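One structure is given below, encoded as structure tokens.
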Amino acid sequence: MNFPEELLYTKSHEWVKKEADGTVLIGLTDYAQHELGDLVFVNMPESGDAVKAGEAFADVESVKAVSDVFSPVTGNIIEVNEDLADAPADINEKPYEAWFVKVGDITAHEDLLRAADYEAYTKTCVNE
């Protein structure tokens, strides 16, 4: 498993990358994509949609199940990674490059974990 130090993580297995302009990118962790299996479909939100910390903003379908993707922040979606709609397998192949949305106007966020804390947390997540 890969846990890049420069990212922050949620207990629902999303990663957050803070950008220099104050926005954040959100994606699924390597752990999440591994547990889900081969992803075959992504249901994406629209640019301009509001997101709320702890609430689902997208879902992914794998050969195993459909799973929600939760927002770690409250704000507004300013960009959607449209490439994922055509290539959901990118999440499996390069989970830390395959971001879902860029969010700005952030007013709140969930408790975010540093890489070492998230890695330790994943060790407790047997058959969630």
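According to the Kirkwood expression over distinct Cα-Cα pairs, how big is the hydrodynamic radius of the chain, in Å?
About 14.4 Å, per the Kirkwood formula over Cα pairs.
By average Cβ neighbour count within 10 Å, what is the ranking of 35-41, 5-11 from highest down?
5-11, 35-41
Which residues' amide hydrogens lie under 5 Å from the amide hydrogen of D59, considering only partners 5 or more residues apart or on another chain, with H built in the peptide plane?
So D59 has HN proximity to N43, V69.
Pull up all non-local amide H partners of I78: gap of 5 or more, or a different chain, and H-to-H distance under 5 Å with H placed in the peptide plane.
The list, which skips near neighbours in sequence, is G48, K102, V103, G104.
Taking all protein chains in place and a 1.4 Å probe, what share, in percent, of the accessible surface of the chain do carbon and sulfur account for?
45 percent
Averaged per residue, what accessible surface does the chain expose to a 1.4 Å probe, in Å²?
Using a 1.4 Å probe on heavy atoms only, each residue of the chain averages 53 Å².
Please give the Cα centre distance for the stretch 39-86 versus the stretch 91-128, rounded to the nearest Å.
Here the two parts' Cα centres lie 13 Å apart.
Could you list the square roots of 5 times each eigenvalue of the Cα gyration tensor of the stretch 66-128, that is, the equivalent ellipsoid semi-axes, sorted largest first and rounded to whole Å?
Semi-axes from the Cα gyration tensor: 22, 19, 11 Å.
Under 18 Å between alpha carbons, and skipping anything fewer than 8 positions from K123 in its own chain: which lysines qualify?
Leaving aside lysines fewer than 8 places away in the same chain, those within reach of K123 are K11.
Out of residues 5 or more away from W15 or on other chains, whose amide H comes under 5 Å of its own, with H placed 1.01 Å from N in the peptide plane?
G27, L28, T29
Assuming R0 = 41 Å, can you tell me the calculated FRET efficiency for the pair A65 and E6, based on Cβ-Cβ distance, to the nearest 0.05?
The pair A65/E6 has a calculated efficiency of 0.85.
Based on DSSP H runs of at least 4 residues, each adding -39500 (n - 2.57), what is the mean residue ellipticity at 222 nm of the chain after dividing by all its residues, to the nearest 500 deg cm²/dmol?
-4000 deg cm²/dmol
The values are calculated or read from the model by the stated rules, or taken from the named source; none is laboratory data. Quick caveat: nothing in here was measured; it's all calculated off a predicted structure. As a convention, Cβ positions derive from the backbone with ideal geometry for all residues, glycine included, and neighbour counts pool all protein chains shown. Areas reflect the complete protein model, heavy atoms only, side chains present, ligands, DNA and RNA absent. Shrake-Rupley method; radii C 1.70, N 1.55, O 1.52, S 1.80 Å.
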